[in-house]
Each structure stands twice: as C-alpha cells, then as structure tokens.
Amino acid sequence: MERIQSALNKARKARQEQRENQNREAAAPASESTQDAPLETYVIPKDMSVASREEVWKRIPAFHPKEKQLASSRIVAYRSSHDSVPYDVMRTKLLHQMRANKWSRVAIVSPSQGAGKTLTCVNLAFSLARQTNFFAALIELDMRRPALAKALKINDDCQFSRVLSGEDPAEMHLRRYGKNLFFGCNKNTVRNPAELLQGANAGKVVDEIEAQFQPDIMVFDTPPVFAGDDTLAFLDQVDCVLLVAEAEKSTIEEIDKCEQELAARTNVLGVVLNKCRYLSKHEEYGKEYS
C-alpha cells in the first residue's frame, strides 16, 4: 500500500508542477465576468427544517431489509460495529473535504470492474445515514451492470433510468431506508447509458431531486472508467470523485491513468484501496475496541 501511495503522490506532484508551469506561461487571467462560476454557486441551501425534510421524504416508498439480508450482501455499516469502522473513517474524511468546499455531490468510481465500488457506495451511504439529522442519497448510474437493487434485496420494479429519461417521476423509482437515506436503483440494464447520462435531461433531473428532497449529500455509483464513456459523460454534474482500486489487481499505472482522466474533469478526493488482505497494525481500524 505504501509503495502504491508513494507512486501516486509522485505522479500527482509531477502533474501539479506541469499545471503550474502552464499557468505561468499562459497569458493574463481572464476577467472576472468570463471566469467559470465557483462550484458552490449551484449547491442548494438546506433551508428546510429536519421535520420538514422528513415529511417530504415520507413520499418515497420505504423498504425494510432484514439484517441477515444485508449481511449476506456484505453490507455492514447500517449499524455501528468494528466492521463499520473503515467506512466510518472514510465518511468522516469525505465530509470534512466536502463541507470545507461546500460540495454536495460525489461520484464513486473505479478503473475497472470488480474493485468493490458498489459495495463501497452502499456501506458509505449507510454510514452517512447513521449521523443524526443527516440526509443522504445514493443514485445508481452503472446501468450496464446494475447491482444495487440486488445488494439491497429490493425486489420490486424500480428503474431509475426512467427518471433520468423523463418518463417517470422520481418517487416511483426511489426507495427509502429509515428517515434519512434513499436509493435510486435499476433492476434491468439500459441501452445506450452514456447518451442518457450525457443528455440535458439527466442533469435537470438530478437538480430537481436535489431541490425537492434537499439531501445533505448525493453519492453516485458510476460505471468503471475504462469500461466506456458513461462516467466521463456525467462528471460535469458532480463536485468531486472518490476512486476505488482493488488491492493486488489494480496496477499503479492503471490507477494513475484513471486519476488523470478524472482530474482533468473534476476534483479527485483520493484513492480507496479495497480488498486488502494484508494490513499494517495502524490500518486495522477498531479491532482493539471490539
């Protein structure tokens, strides 16, 4: 892990130096009127009270998975335990960065299939929702291989792609867990998902959902970066991304190339190394307290 992190830090430093050199060589900066608006200008203020948001969220159909069902899908962060600690640590670090920058939308990405991206998304969402008076949403955008409904044991006909296309209202395809967490899932695959995500209606739908339900954070489960252009088509709708890599499988070159692709389009918060079999003592979060 330390070797991977060292290599990534070296690559990031080189890219940063290159950008600084380009900035020094560039012409005088554009006037204020021509510069891009800061990201925080589109973040919707959470002006509803907690009670008001709870009332609005009651319109979303609820689902009630059993603990055994969640455990069978390796979902552990629905309650506090030593197994949930790594996700809780990730949650705290994520929220620190997002609050500091007034961001509300994060995409979880991976270089290729099998890194555990969806499982990371789900556990992170449950960890976020365990915070008192905090409202979180997880939207599945990996429509070539949808896995969220299966992981959550949602058996009814939810198809969030129909919301993105403008065919159905959001409440028809959202599912709520408890008072403060909802999911947008897809039971079936979708043809031409990149075109759907890149279309003007997808961004409008996300804006409308954020305005209507005012979640404190929206997490997007996106397809692997190297599986197609689906994720790149949607990156302009999020504030930042978190990259999930697979230990002993994702190469340094693959991670670095993926990070370059993402950094050219949005803010990269960091890399999560998943499926680690060998951890140093300080990385075995919470075991001494179990």
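Quickly run through segment 59-87 and pick out the residues that are without any contact (Cβ under 8 Å) to a residue 60 or more places away in the chain, part of a loop (DSSP other than H, G, I, E, B) and farther than 17 Å from R130 by Cα.
R74
Applying the selection to segment 219-233, what residues are on the phi < 0 side of the Ramachandran plot and surrounded by fewer than 23 Cβ atoms within 10 Å (Cβ to Cβ)?
Of segment 219-233, the ones on the phi < 0 side of the Ramachandran plot are 219-227, 229-233.
Within segment 219-233, P224, F226, A227, D229, L232, A233 meet the criteria.
Going by the structure shown, is K102 closer than 20 Å to A211 by Cα and touching a Leu at 6+ places or on another chain (Cβ under 8 Å)? If you could, list the steps in order and put the result at the bottom.
Numbers: closer than 20 Å to A211 by Cα: yes; touching a Leu at 6+ places or on another chain (Cβ under 8 Å): yes.
Criteria met by K102.
Somewhere in segment 206-216, is a residue touching an Asp or Glu at 6+ places or on another chain (Cβ under 9 Å), part of a loop (DSSP other than H, G, I, E, B), within 25 Å of M48 (Cα to Cα) and touching a residue at least 60 places away in the same chain (Cβ under 8 Å)?
yes
Among the residues in segment 190-205, are any closer than 22 Å to K58 by Cα and in contact (Cβ under 8 Å) with a residue 40 or more places away in the chain?
Pass one, segment 190-205, residues closer than 22 Å to K58 by Cα: 205.
Restricting the remaining residues to those that are in contact (Cβ under 8 Å) with a residue 40 or more places away in the chain gives 205.
Yes, there is a match, as at least one residue in segment 190-205 is closer than 22 Å to K58 by Cα and in contact (Cβ under 8 Å) with a residue 40 or more places away in the chain.
For segment 107-162, what are the residues that are part of a strand (DSSP E or B) and without any contact (Cβ under 8 Å) to a residue 40 or more places away in the chain? Reasoning before the result, please.
First, pick out the residues of segment 107-162 that are part of a strand (DSSP E or B): 107-109, 136-140, 159.
Scanning segment 107-162 gives a single hit, Q159.
Considering every residue within segment 179-188, establish whether at least one is in contact with a Phe, Trp or Tyr (Cβ under 7 Å, 6 or more places away or on another chain), of a type in the set (K, R) and either part of a loop (DSSP other than H, G, I, E, B) or free of Cβ contacts under 8 Å to residues at least 40 places away in the same chain (or both).
So far as segment 179-188 goes, yes, one or more of its residues are in contact with a Phe, Trp or Tyr (Cβ under 7 Å, 6 or more places away or on another chain), of a type in the set (K, R) and either part of a loop (DSSP other than H, G, I, E, B) or free of Cβ contacts under 8 Å to residues at least 40 places away in the same chain (or both).
Computed from the coordinates by the stated procedures, all read-outs in this text should not be read as laboratory data. Owing to the predicted nature of the structure, the values given are computational and were not obtained by experimental measurement. Cβ coordinates were reconstructed from backbone atoms using ideal geometry, including for glycine residues, and neighbour counts include every protein chain displayed.
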